[in-house]
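The values are calculated or read from the model by the stated rules, or taken from the named source; none is laboratory data. Nothing here was measured: the structure is a model prediction, and the numbers come from that model. All Cβ positions, glycine included, derive from the backbone under ideal geometry; neighbour counts span all protein chains shown.
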């Protein structure tokens with residue numbers, strides 16, 4: 001079911017809210033992928049923590065995301081979606097998303113040093129993630145047989161929690177938030193370990 | 001030109017840099033831009049994707065405060081690698097490097113510059129990349145602008161600059177820092193003859209008893225005029241170290257070169 005939801009207005013609010021958050025992660029990926037290779041001159045000539053490069057890509061993505069929050073609040077008010085105290089759950093969900101964005105940016109920036117064509121695959125990856133995530137549809141509308149994508153997609157539980165908090169004004173399921181946090185923590189530790197163990201040779205690989 | 005001073009006072013002949021048994025071996029890809037596609041294609045073909053480079057081999061070198069050390073050698077001798085090791089950019093594979101003081105590098109000009117921004121904005125960007133604070137850069141902005149001789153062009157986007165103008169501004173930003181240990185790698189060859197002379201004079205000004213300078217150059221006349229000690233590297237090894245004229249003469253003899261204006265070509 002595409003763009004499934006309870007009401008037309010809820011569907012529209014869900015679509016915009018989910019899309020805005022999705023692009024926080026997508027922009028971190030696209031900004032992060034070339035952050036190390038584009039910083040070649042800095043890496044070759046200055047001693048500084050190389051991990052600042054993907055971090056700065058995520059900071060840029062966050063600054064691009066912040067205005068969309070204002071746009072969403074306006075849309076939510078227009079469509080008459082309820083504002084509740086439970087919407088504050090959006091804060092921990094957003095923090096988990098930023099953590100995940102940081103994790104994927106660090107990981108992919110390091111991979112790109114060794115395989116420079118990774119950036120070319122990125123549009124396919126983000127497009128696939130877009131369709132596999134509950135953006136064009138609501139998570140609850142997914143058939144049980146397709147529930148497997150919920151397990152393999154780190155964005156699935158995060159976007160579901162985000163939609164419940166900011167669109168429906170309900171508390172997200174704790175299991176979804178923990179699942180999202182688990183993904184972000186796992187990718188962060190693996191990616192950061194990979195990055196920190198390899199950053200010493202970036203200067204001779206670029 | 002006034003300068004930023006980040007140095008502590010050091011006694012002449014006090015150790016500034018100690019290099020003990022330093023070696024640098026690294027693995028780099030054969031392709032300039034390695035790709036996943038090429039890696040997948042080469043699977044099962046036994047084609048080598050990487051090569052091992054031994055850039056430095058058992059280098060032992062001390063640099064003292066008050067010393068101006070010139071580093072000479074042919075291309076690929078390991079000069080830049082050694083400078084990057086001292087600056088902490090490349091960690092050595094073997095040995096130990098101890099640095100007693102703040103280090104600033106002039107390995108390349110214009111690091112951190114953004115061509116779409118004005119020269120004025122890039123002074124701040126370049127200064128921040130060199131480790132200065134915003135306040136320090138603002139306090140020295142007039143001197144930087146004056147030294148660069150750009151005039152009103154300082155407010156034009158850097159993409160409109162000629163390569164000489166770009167290099168002049170870049171050197172002016174870099175030259176304002178006064179660290180304990182300054183490493184300069186071929187950064188003097190910028191701009192027109194007048195600016196080159198000005199740059200050289202600026203480096204000569206930086207010579208002092210409480211500072212150590214390490215100067216990498218192919219310009220032998222500059223090394224003779226500026227340095228009081230010279231190290232000659234070849235294929236990653238330290239061949240000779242000592243009084244500038246003696247080491248440079250031996251180096252030129254090794255290259256089977258006579259003395260001529262071209263070989264000594266400088267500013």
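Does residue B:97 satisfy the condition of being crowded, with 20+ Cβ neighbours inside 10 Å and in contact with a strand residue (DSSP E or B) (Cβ under 6 Å, 6 or more places away or on another chain)?
It is false that residue B:97 is crowded, with 20+ Cβ neighbours inside 10 Å and in contact with a strand residue (DSSP E or B) (Cβ under 6 Å, 6 or more places away or on another chain).
Of the numbered conditions (1) touching a strand residue (DSSP E or B) at 6+ places or on another chain (Cβ under 9 Å); (2) more than 14 Å from every other protein chain (Cβ to nearest Cβ), residue A:181 fails exactly one; give the number of that condition.
Unmet for residue A:181, out of (1) touching a strand residue (DSSP E or B) at 6+ places or on another chain (Cβ under 9 Å); (2) more than 14 Å from every other protein chain (Cβ to nearest Cβ): (1).
Looking at B:55, B:38, can you tell me which residue is at pLDDT 90 or above and either more than 28 Å from residue B:243 (Cα to Cα) or in contact with a strand residue (DSSP E or B) (Cβ under 9 Å, 6 or more places away or on another chain) (or both)?
Going through B:55, B:38 in turn, the sole match is B:55.
Checking the structure you have, find out if any residue of segment B:40-50 is surrounded by fewer than 18 Cβ atoms within 10 Å (Cβ to Cβ), within 14 Å of chain A (Cβ to nearest Cβ) and under 18 Å from residue B:181 (Cα atoms).
no
For residue B:182, state whether it is within 12 Å of chain A (Cβ to nearest Cβ), touching a strand residue (DSSP E or B) at 6+ places or on another chain (Cβ under 6 Å) and modelled with pLDDT under 90.
Against the criterion (within 12 Å of chain A (Cβ to nearest Cβ), touching a strand residue (DSSP E or B) at 6+ places or on another chain (Cβ under 6 Å) and modelled with pLDDT under 90), residue B:182 does not qualify.
Looking only at segment B:135-145, decide whether some residue is within 22 Å of residue A:36 (Cα to Cα), away from chain A (no Cβ under 11 Å) and free of Cβ contacts under 8 Å to residues at least 60 places away in the same chain.
Checked segment B:135-145: no residue is within 22 Å of residue A:36 (Cα to Cα), away from chain A (no Cβ under 11 Å) and free of Cβ contacts under 8 Å to residues at least 60 places away in the same chain.
Residue check, residue B:66 against (1) surrounded by 14 or more Cβ atoms within 10 Å (Cβ to Cβ); (2) within 30 Å of residue B:252 (Cα to Cα); (3) in contact with a strand residue (DSSP E or B) (Cβ under 7 Å, 6 or more places away or on another chain), all met but one. Which one?
(3)
Please enumerate the residues belonging to segment B:204-221 that are surrounded by fewer than 22 Cβ atoms within 10 Å (Cβ to Cβ) and either modelled with pLDDT of 90 or more or in contact with a helix residue (DSSP H, G or I) (Cβ under 7 Å, 6 or more places away or on another chain) (or both).
Residues satisfying the conditions are B:204, B:217.
Could you check segment A:184-206 and list, in sequence order, the residues that are surrounded by 17 or more Cβ atoms within 10 Å (Cβ to Cβ) and more than 14 Å from chain B (Cβ to nearest Cβ)?
Those that are surrounded by 17 or more Cβ atoms within 10 Å (Cβ to Cβ) and more than 14 Å from chain B (Cβ to nearest Cβ): A:184, A:187, A:188, A:191, A:192, A:195.
Filter segment A:31-54 down to residues that are surrounded by fewer than 18 Cβ atoms within 10 Å (Cβ to Cβ) and either more than 12 Å from every other protein chain (Cβ to nearest Cβ) or under 23 Å from the mean Cα position of the chain (by Cα) (or both) and give me whichever is modelled with the highest pLDDT.
Looking at the filtered set, the residue picked out is A:52.
I'd like to check something: does segment A:161-176 contain any residue that is without any contact (Cβ under 8 Å) to a residue 40 or more places away in the chain and either under 14 Å from the mean Cα position of the chain (by Cα) or within 14 Å of chain B (Cβ to nearest Cβ) (or both)?
no
Could you grab me the full set of residues in segment B:56-97 that are away from chain A (no Cβ under 12 Å) and without any contact (Cβ under 8 Å) to a residue 60 or more places away in the chain?
B:62, B:75
Select from segment B:105-134 the residues that are more than 10 Å from chain A (Cβ to nearest Cβ), at pLDDT below 90 and buried (at least 23 other Cβ atoms within 10 Å of the Cβ) and list them in ascending order.
Passing the criteria: B:126, B:127.
Would you mention how many residues in segment A:39-96 are touching a residue at least 12 places away in the same chain (Cβ under 8 Å) and more than 28 Å from residue A:189 (Cα to Cα)?
Total meeting the criteria: 14.
Can you give me the ranges of the helices (runs of 4 or more DSSP H) entirely in segment A:69-174 with at least 1 residues that are at pLDDT 90 or above?
Filter on segment A:69-174 gives A:90-114, A:118-132, A:155-166.
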